[in-house]
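The numbers here are math on the coordinates, done by the rules we state, and not lab data. Remember, predicted model here, so these are calculated numbers, not experimental data. Neighbour counts are summed over all protein chains in view; Cβ atoms, including those assigned to glycine, are modelled from backbone coordinates with ideal geometry.
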Amino acid sequence: MLDALSLIASVPQLASVRPDLSPERYAFLVCQMWFDEVYTPGTRYMTGIKGDRDAEASEAFLEHFDEDEVRWLERFNRFLELRIDRLADMDAGVIQPGERWDSIVRDAGYLVELLGGNPRQSASALADAVRDWLPPA
């Protein structure tokens, strides 16, 4: 979870890991990972509502966090949901850069820190994994 947030917080830096992908494409892919794979309690996938939401998996996910952390995660997820529809070009698979995207990056970094992580340290440690995780261009 911290890794996923660190990836969102580090899009500008980690986009250079795979120069064949634009930062806009990379941003789309990490948000897609957040909605589709990481944030189990969420009610949407990147491209729509989760009709197959798994209540047991959501509960298991939330058990790893205290009440404050759950609130922070829910708030970040809602914030991301509200902005993603305005920023993402789903057909092109990119997220438009700008002030709204920059605020998502900042908030992801703040949340990593609130949860006890270091976004800079995590991001550098994840660079090698990013090369394997991202699909070919």
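Please go through the stretch 64-101 and pick out each residue that is charged (D, E, K, R), closer than 16 Å to Pro23 by Cβ and exposed (fewer than 12 other Cβ atoms within 10 Å of the Cβ).
Asp89, Glu99
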>> Please count how many residues of the stretch 43-70 are under 21 Å from Leu82 (Cβ atoms) and in a loop (DSSP other than H, G, I, E, B).
In response: 6
> In the stretch 1-42, which residues are over 19 Å from Leu87 (Cα atoms), assigned to a helix (DSSP H, G or I) and of a type outside the set (A, V, I, L, M)?
Replying inline: Asp3, Ser6, Gln13, Ser16, Glu37
> Restricting the search to the stretch 40-63, which residues are surrounded by 14 or more Cβ atoms within 10 Å (Cβ to Cβ), of a type in the set (A, V, I, L, M, F, W, C) and closer than 25 Å to Ala27 by Cβ?
Replying inline: Met46, Phe61
